[in-house]
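Participant: Dumping the structure here so I can ask a few things about it.
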Ligand code: DAH
C-alpha cells in the first residue's frame, strides 16, 4: 500500500510538471485529487487495512494529498504568469504619463521679470497690506480730504475703522507702501513694491476692480527728474527691447511735484496708430514724479537734504501687451484654457 501511494505521488508530480495550460492542470487535479481518484478510493478503504497500520497509512495519504495540492498550485501560478507575459499587450518600454503640474500665473511671471530688472539696478523688493488705513492710502501721501479719488465711486470702503472713526479702504494704489517702508528705513533707499490694488470700477476689456501695480521709490541726495526719466527708459527698453520709445507728459498727482505721465510707443503698430493705442501710437504706461516735500516730511526725511522720485506702473496692461492678451478680465477668470497658455 505504501509503495502504491508513493507511486501516485510520483506520477502526479511528474504529470503536473509537464502540464502548461490551465485546462490540463484542471483535468489532472480531478484525476489525482477528485472524488473518483485512486487516492480518494484508498482513503475510503482505510478501514480495510489492519488496525496497527492505519495511522501510518493515514498519515501518508495526507502527505501525498498535500504534496499533490501544492504541485497543482505551483503549476497554476507559473502557467498564469507565463500566460500574462505572452498575451499582455502592455509595453513596459513606453514613456510614462507625466503628471499635470501647475505654474505661476502670467501676472506673477511678468512681475518677476520686472523685479529682476530692478533688482539688477540695486532695488529692494518690499510689500505692504491690501487692507489699508486712510492715513497711508491718502493722508500721508498729501491727498486732501476732498480729493475725488477718495470718492465712494472710486474706492472700496470696509467696516473696520481707524483711530479717527474713518473706515479702512482696500488700497487703491501701491503708493502707501512708500510711507510704510520709510517707517523702518532711512535714505538712501531704492524700493520696488509689487502688489494688488482695488478700485470701484465698471469692468470692461481694459478695466478690472482688482489689478496689479508696481511702485518704485528712490530717495537720495541730488536725485533729479533726469534720473527718473533715465531709469524709466532703461527699464522699458530692458523689458520690451531697444526699439521702444518713451514720451513724458506733465500731469498732476498730489504726492509728487512736478508730476508726469509716461507713455511708451505702441508695440503692436510700431507707433503708427492702431485700435489698441486708439490710433495715437502711444500707450499710457505709468504715473511718476519727484516726491512732494510734504510727503518727504511725512516720511521724516528732510527735503532740504534729500530728494527722490517715485512712479507707479500698471502691470496688467503691460503684461497684456507683452503676451498679446486682449481682455484684462481673462487674467482673473480662473479659466485654465487661458492660464495654461503661459
Ligand atoms: N499712485 C498712482 C496711481 O495709482 C500712480 C503714481 C503716480 C505713483 C505718481 C507714483 C507717482 O509713485 O509718483 O494712479
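The values are calculated or read from the model by the stated rules, or taken from the named source; none is laboratory data. Small disclaimer: the values here were computed from a predicted structure and weren't measured. Counting neighbours? That spans all protein chains shown, and the Cβs are built from the backbone with ideal geometry, glycine included.
Participant: Quick check on residue 336: is it buried (at least 19 other Cβ atoms within 10 Å of the Cβ), under 31 Å from the mean Cα position of the chain (by Cα) and away from the ligand (no atom under 12 Å from the Cβ)?
Facilitator: Details: buried (at least 19 other Cβ atoms within 10 Å of the Cβ): no; under 31 Å from the mean Cα position of the chain (by Cα): yes; away from the ligand (no atom under 12 Å from the Cβ): yes.
Here the answer is no, as residue 336 does not meet what is asked.
Participant: Quick check on region 269-298: of everything there that is part of a helix (DSSP H, G or I) and touching a helix residue (DSSP H, G or I) at 6+ places or on another chain (Cβ under 8 Å), which residue is surrounded by the most Cβ atoms within 10 Å (Cβ to Cβ)?
Facilitator: Filtering region 269-298 for residues part of a helix (DSSP H, G or I) gives 293-298.
Within this subset, residues satisfying the condition of being touching a helix residue (DSSP H, G or I) at 6+ places or on another chain (Cβ under 8 Å) are 295, 298.
Numbers: 295: 25, 298: 19.
By that ranking, first place goes to 295.
Participant: Give the residue that is farthest from the ligand (Cβ to nearest atom), with candidates limited to residues of region 246-257 that are touching a helix residue (DSSP H, G or I) at 6+ places or on another chain (Cβ under 7 Å) and not in a loop (DSSP other than H, G, I, E, B).
Facilitator: The initial filter retains those residues of region 246-257 that are touching a helix residue (DSSP H, G or I) at 6+ places or on another chain (Cβ under 7 Å), namely 246, 248, 254-255.
Next, only the ones that are not in a loop (DSSP other than H, G, I, E, B) stay: 246, 248.
Working: 246: 15, 248: 12 Å.
Top of the filtered list is 246.
Participant: Moving on. So for region 267-285 (the condition being modelled with pLDDT under 95, assigned by TED's automatic domain parsing to the domain that holds residue 228, within 14 Å of the ligand (Cβ to nearest atom) and in contact with a strand residue (DSSP E or B) (Cβ under 6 Å, 6 or more places away or on another chain)), does at least one residue qualify?
Facilitator: Yes, because at least one residue in region 267-285 is modelled with pLDDT under 95, assigned by TED's automatic domain parsing to the domain that holds residue 228, within 14 Å of the ligand (Cβ to nearest atom) and in contact with a strand residue (DSSP E or B) (Cβ under 6 Å, 6 or more places away or on another chain).
Participant: Here is a list: 68, 117. Which entry is in contact with a helix residue (DSSP H, G or I) (Cβ under 9 Å, 6 or more places away or on another chain), surrounded by fewer than 19 Cβ atoms within 10 Å (Cβ to Cβ) and either on the phi < 0 side of the Ramachandran plot or not in a helix (DSSP H, G or I) (or both)?
Facilitator: Details: 68 fails: surrounded by fewer than 19 Cβ atoms within 10 Å (Cβ to Cβ).
Result: 117 is the single residue among 68, 117 that is in contact with a helix residue (DSSP H, G or I) (Cβ under 9 Å, 6 or more places away or on another chain), surrounded by fewer than 19 Cβ atoms within 10 Å (Cβ to Cβ) and either on the phi < 0 side of the Ramachandran plot or not in a helix (DSSP H, G or I) (or both).
Participant: Criterion first (buried (at least 20 other Cβ atoms within 10 Å of the Cβ) and either more than 30 Å from residue 123 (Cα to Cα) or within 14 Å of the ligand (Cβ to nearest atom) (or both)) does residue 309 satisfy it?
Facilitator: Against the criterion (buried (at least 20 other Cβ atoms within 10 Å of the Cβ) and either more than 30 Å from residue 123 (Cα to Cα) or within 14 Å of the ligand (Cβ to nearest atom) (or both)), residue 309 qualifies.
Participant: For the subset of region 204-245 comprising residues that are in a helix (DSSP H, G or I) and touching a helix residue (DSSP H, G or I) at 6+ places or on another chain (Cβ under 8 Å), which member is surrounded by the most Cβ atoms within 10 Å (Cβ to Cβ)?
Facilitator: Keep residues of region 204-245 that are in a helix (DSSP H, G or I), which gives 225-240.
Applying the additional criterion that residues be touching a helix residue (DSSP H, G or I) at 6+ places or on another chain (Cβ under 8 Å) yields 235, 238-240.
Working: 235: 20, 238: 17, 239: 17, 240: 15.
Only one residue tops the list, namely 235.
Participant: Filter region 226-245 down to the residues that are modelled with pLDDT of 95 or more and over 32 Å from the mean Cα position of the chain (by Cα) and list them by number.
Facilitator: 226, 227, 228, 229, 230
Participant: Go through (1) without any contact (Cβ under 8 Å) to a residue 12 or more places away in the chain; (2) farther than 23 Å from residue 246 by Cα and name the single condition residue 324 misses.
Facilitator: Looking at each condition in turn, residue 324 falls short on (2).
Participant: Now for a separate question. Here is a list: 138, 211. Which entry is within 13 Å of the ligand (Cβ to nearest atom), in contact (Cβ under 8 Å) with a residue 40 or more places away in the chain and closer than 25 Å to residue 285 by Cα? Give the derivation first.
Facilitator: Numbers: 138 fails: in contact (Cβ under 8 Å) with a residue 40 or more places away in the chain.
Of 138, 211, the one residue that is within 13 Å of the ligand (Cβ to nearest atom), in contact (Cβ under 8 Å) with a residue 40 or more places away in the chain and closer than 25 Å to residue 285 by Cα is 211.
Participant: Which of the residues spanning region 299-320 are under 22 Å from the mean Cα position of the chain (by Cα) and either free of Cβ contacts under 8 Å to residues at least 60 places away in the same chain or not in a helix (DSSP H, G or I) (or both)? Write out each step before concluding.
Facilitator: Step one: filter region 299-320 for residues under 22 Å from the mean Cα position of the chain (by Cα), giving 315-320.
The one that is under 22 Å from the mean Cα position of the chain (by Cα) and either free of Cβ contacts under 8 Å to residues at least 60 places away in the same chain or not in a helix (DSSP H, G or I) (or both): 320.
Participant: Right, another one. What pairs come up if the first residue lies in region 249-262 and is in the same structural domain as residue 313 (by TED's automatic domain parsing) and modelled with pLDDT of 95 or more, the second is near the ligand (Cβ under 8 Å from one of its atoms) and assigned to a loop (DSSP other than H, G, I, E, B), and their beta carbons are under 9 Å apart, counting only those six or more places apart or on different chains?
Facilitator: That search, which allows pairs on different chains as well, returns 253/175; 255/175.
Participant: Do you know which of the residues in region 135-182 that are more than 33 Å from the chain's Cα centre (by Cα) and assigned to a helix (DSSP H, G or I) is surrounded by the fewest Cβ atoms within 10 Å (Cβ to Cβ)? Let's see the steps before the verdict.
Facilitator: Filtering region 135-182 for residues more than 33 Å from the chain's Cα centre (by Cα) gives 135, 138-153, 161-167.
Still in the list and also assigned to a helix (DSSP H, G or I): 135, 139-141, 148-150.
Details: 135: 17, 139: 18, 140: 22, 141: 24, 148: 9, 149: 16, 150: 18.
So the residue we want is 148.
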